[in-house]
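The values are calculated or read from the model by the stated rules, or taken from the named source; none is laboratory data. Fair warning: this is a prediction, and the values are worked out from it, not measured in the lab. Because the Cβ atoms are built from the backbone with ideal geometry, glycine has one as well, and the counts that use them run over all protein chains shown. We work out accessible area using only protein heavy atoms, side chains counted, and drop any ligands, DNA or RNA first. Shrake-Rupley method; radii C 1.70, N 1.55, O 1.52, S 1.80 Å.
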Amino acid sequence: MTGGTFKKKFFGFLEKLSTGWGRDTLTPEQTYKQAYDQAQKEIVSQLKSLEHSLDNEEHQISEDVVLFCQSKLKEVLTLSGFDGDVVLEKQENGRLLYTISDSQDSGRIIGKDGATLEAYQVLLRAMVFKKYGHPIRVGLDVGNYRQKRQDALKEQAIRLSQSLDVKGKKAELKSMSPEERRMIHHLFQQDKQIRSYSVGDGFYRRVILERR
């Protein structure tokens, strides 16, 4: 699948978001799931390839890339009917982190369990890859949501792992983004009693904890 097709699929998602809000039909996160599922078979291999490249490559980030990401994210928010300022929060180790501030739409930009925010992040990474020909780690945040969610997910995972008192007993976590799943796997990487692995596809991929 070409980068243009990838981009088109997600802009279709954005159009659904912008026209769907304000009605009592689908919530933004439901609309996202529908759009993601519709495109999933075509883009999942592209996403995996992009994630693998991000894990194994680090490219020098130019000022042009920084400004491109900032302008495109602002454009995407406008297309979705949202306000807010896009600010470069951090640039280090080949990674850009942008925050969306001064927005009255923070909750809807985040979406349930961060689903909408994650969609924007995936879209922005795909746009960067399409324009510059190589992947760059671009992260998005609103009101320090990412850190709060990571802390909550870690606490939940640890609590569930402590309830696994019999060999082979399992516990399933909610669906998470690739970065969140990596965080959970890292958390139990050296654990001699609990192992973690992922199941499912696309948006619904989730982590299983199992007593060794």
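I want to confirm something. Restricting to the stretch 144-173 and keeping residues that are of a type in the set (D, E, K, R) and outside any helix (DSSP H, G or I), which single residue is nearest to ILE100 (Cα to Cα)? Talk me through it step by step, then tell me what you get.
Looking only at the stretch 144-173, we keep the residues that are of a type in the set (D, E, K, R), and these are 146, 148-149, 151, 154-155, 159, 165, 167, 169-170, 172.
Now narrow it down to the ones that are outside any helix (DSSP H, G or I): 165, 167, 169-170, 172.
Values: ASP165: 43, LYS167: 45, LYS169: 41, LYS170: 38, GLU172: 32 Å.
Only one residue fits best here, namely GLU172.
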>> Here is a list: ASP85, ASP113. Which entry is under 17 Å from CYS69 (Cα atoms) and open to solvent by 20 Å² or more (accessible area, probe 1.4 Å)?
In response: ASP85
>> Quick check on the stretch 143-155. Is at least one of its residues out of contact with any strand residue (DSSP E or B) (no Cβ under 7 Å at 6 or more places or on another chain), closer than 21 Å to TYR204 by Cα and open to solvent by less than 20 Å² (accessible area, probe 1.4 Å)?
In response: yes
